[in-house]
Amino acid sequence: MADDVRELLLSTTADADPSTPLSAPDLRLLIDRLRIRSDRLHASALSFASSHRAPLAAALLRAADSSASSSSLESSLASALAPLSSSPGLSDLRELSDRLLAARRELRERQEHLAAASSVADLAARLRAARASPDPLAAAAAAAELKPLLVDPEGSGSSQDEPVVFGLLRNDWEQLVDELQVMLAKNLEECVEFAPEGGKVMVRTAPVGKSGGTPGVELRVALQALEIIDAVDYGMTKLADLMIKHVLVPAISNISVAVSVEALEKSGPQYPISILCVTPTEELQGYKDGSALYSRIIDIIKFVCETICGENITWMQSFSKLTWSRISDLVIKHFISKAVPHEASKLIEFQDVVRSTTEFENTLRNMMFISHEKRDGKLTQFVDDVEVHFAVRKRNEILVKARHLLVHYDYDNPLASHDREDSIVDLLFLPEKCFISKSALQLMKLVHGALKDACLSSARVAKELCYAARDALLLYKAIVPVQLEKQLDSINQVAAIIHNDFYHLSQEILGLAFEYRADFPGDLQKLVVFVDLAPTFSQMADGVLTRQIQLVTANLIEAIDGADGFQNTHQPQHYESAKFSIEQVVFILEKIHIMWESILPRSIYKRSMCYILGSVFSRITKDMLLIDDMAAEETLQLQGLIHLALENLSSLFLSLVENEFLDHQTWIELDEIIRPLKKFRKLAELLDMSLKSITAAWESGELTNCGFTSSEVQNFVKAIFADSPLRKECLLWISRTPS
């Protein structure tokens, strides 16, 4: 209505603001327009009523009737409620209503309890009927029907809140199933009889009773009952074990056997009997490719499938599940692993075994004995990986040989071999020879043989052979130092030979890459390396030699210590002690000379002996220069000890140079390679020189060139010459003259 009035106002003043106050003429005009519109609406209503008079009259009559009925119902309800509103016992009625509801609830609960009791009674009756049934199929079917009702009936996975009676019934059901399993499994065992000596099995369609010859449950019926209660595997377990033990093991492990099947017809109370025999034979045809062996196994499996399983796929698969893995292992152990060739050139011949093995498994798949899953293809997986098995076998053989020759080699007497010349080998990267042990020599032959085979093999085989060569080398590093620990911790010729072994092996390892890498197949050229082993073996060689030098040096120092600093040698007792000390030093050095010269490489022998001699001459020279007072006779004795040492070591000196005699040129060469020797020899001259000669030698730089220091020369002069103006003057010249 407000919108209509607003429309009329806007129509009178189209351009005016709706919020602007109206004038008196506008209000009068608005009233007139409202009156005209009201008259129009009234006329329309009268026109509609006159045109629809009958329907409107009928609607009014129905409304009147409804109003009258409503008034009547109101009166009836009021008269019905009047006694209740006037009665004082309304609470009794409420109590009666509550009692009625409780009674109905109790009745419903009792009905539920009765239904549960009926169910329990029905289950118990069915269990008793199943237990008393003479027909195992009926008993098994009843047990199978009761299983979903008793075993976790609500599917909740928990039986904590269930009634106790259901637990008791479940126990009875489990006992029934156990009894059925045991009885039916025993029935199977009576149907299948194995000969005690093995190789023979007899199958009856039904067992013969132990008393009166009454036949028992048929084999087929027993298996059907076991299948119904989902216990075929249980019933087949012992049968499968006995079949493996008495039939399949003899048939697979023995080459010269044959399988025969015999069927006997029904005779008297006996059921038909089928007999399978595994008997010795001289026929060996088809053994190389395994076809004869596989044929025997197929005959045995066919016998089981036909006579025991009745060609029932479920029963066959149960027997397969219990036996196939062990059958595969037996075939691999007794045939395939032995058929793997020992030489890479014969791998092509193994393809016949691959073919026959593949046909064997395909035949079993067609018989539905095994599935197409990977786990059932154990034999084909093994033969397909023949290269790996061949390589693993070769690798193991190489490592076994390497370990055997390293462990059993006689290191205590390595030079006693009649073919000693074979142990003198050329170093690969040095123009020298050295003596190595037979174990290292044979080890390298083994390594070279493995790498030569690797160059002629496929990538998979070559990889294993290369790793075998690496491992064989590492075996030397792991075994020999531990096995010869005592020899390496003492001055021993064996230690020098072990040094040579490590040194020789380090050089041979460096050469392997140049010798074989280009002939390795494919990516193996980048994958397999040996050069990383060379530094380790070189360090082991240096360690062994360093330890020997330390032991020798320690013994020499101990011998020199026995001279008590070479003091008071003018006294007979002290002189003899010093002389004995020099003789001990000479003895030790000559022993090392004899021990090492014929074994160590020339350059290593020379370097090691020069180091040891240098340490000896340095120590003796130091001790003699530390003497603070020398008598004239004492200088002669010391000079004699120096000459004694030099004379007795002449053969050792000559072994370090190429000359045959110790002439002047030879001594010059020795002074160059053994720096302390020059000082040691010069000391012998100083002991017999005058004070002026000593001073002149110092001033000329001769003593400095020999390794003497200013303080050593001054102390030496003070020890030999008595205090005098000349000594003071010489000492002053020595101190002022730069070294």
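The values are calculated or read from the model by the stated rules, or taken from the named source; none is laboratory data. Computed from a predicted model, the values in this text were never measured in an experiment. Here the Cβ positions follow ideal geometry from the backbone for every residue, glycine too, while neighbour counts run over all protein chains shown. Accessible surface areas use protein heavy atoms only, side chains included; no ligands, DNA or RNA. Shrake-Rupley method; radii C 1.70, N 1.55, O 1.52, S 1.80 Å.
Here are some notes:
- Cβ-derived FRET efficiency at R0 56 Å, residue 105 paired with residue 359, nearest 0.05: 0.15
- Computed from the C-beta positions of residue 735 and residue 477 and an R0 of 56 Å, the FRET efficiency is 0.45 to the nearest 0.05.
- Average 1/r across all pairs of distinct alpha carbons in region 625-675, invert it, and you get the Kirkwood radius: 12.6 Å.
- Against the compact-protein benchmark of 2.2 N^0.38 Å, the Cα-based radius of gyration of region 545-736 scales to 1.07.
- Whole-number percent relative contact order across region 570-712, with pairs defined as alpha carbons under 8 Å at least 6 apart: 30 percent
- Simple spin-label estimate for residue 611 and residue 72 in nanometres, 7 Å along Cα-Cβ: 13.7 nm
- Whole-Hz couplings from phi, Karplus 6.51/-1.76/1.60, listed for region 472-477; x for Gly and Pro: 5, 5, 5, 4, 4, 5
- Note that region 548-565 has calculated 3J(HN,Hα) couplings of 5, 5, 4, 5, 5, 4, 4, 5, 5, 5, 5, 5, 5, 4, x, 7, 6, x Hz, one per residue in order, obtained from phi through the Karplus relation 6.51 cos²θ - 1.76 cosθ + 1.60 (θ = phi - 60°); glycine and proline are x.
- Qualifying lysines (Cα of each under 26 Å from Cα of residue 394; at least 8 residues distant if same chain): 288, 333, 338, 346, 378, 438, 445, 452, 463, 477, 526
- Here the gap between residue 553 and residue 523, fully extended at 0.36 nm per residue and compared with their Cα-Cα distance, gives a gain of 5.7 nm.
- Legend: calculated FRET efficiency, residue 337 to residue 233, from the Cβ-Cβ distance at R0 = 25 Å, rounded to 0.05, equals 0.25.
- If you wrap the tightest convex hull around every Cα atom of region 391-544 and split its volume per residue, you get 106 Å³.
- Accessible area per residue in Å² at 1.4 Å probe, computed on region 545-736: 48 Å²
- Both radii were evaluated on the Cα set of region 598-687; the Rg over Rh quotient, with Rh as the Kirkwood radius, amounts to 1.01.
- Per-residue 3J(HN,Hα) values for region 605-621, derived from phi via the Karplus relation 6.51 cos²θ - 1.76 cosθ + 1.60 with θ = phi - 60°, read 4, 4, 5, 5, 5, 5, 5, 5, 4, x, 5, 5, 5, 5, 5, 5, 4 Hz in sequence order (x marks Gly and Pro).
- For residue 434, residues with placed amide H under 5 Å, excluding near neighbours: 425, 427
- The orientation-averaged shadow of the Cα convex hull for region 325-468, equal to a quarter of the hull surface, comes to 11.9 nm².
- In this simple spin-label approximation, residue 644 and residue 426 carry label points 7 Å from Cα along the Cα→Cβ vector, and these lie 4.8 nm apart.
- Among 29-36, 490-497, the peptide with the highest mean count of other Cβ atoms within 10 Å heads the list, and the full ranking is 490-497, 29-36.
- Long-range amide H partners of residue 409 with built H, under 5 Å: none
- Carbon + sulfur, % of accessible area of region 545-736 - ligands and nucleic acids excluded, 1.4 Å: 52 percent
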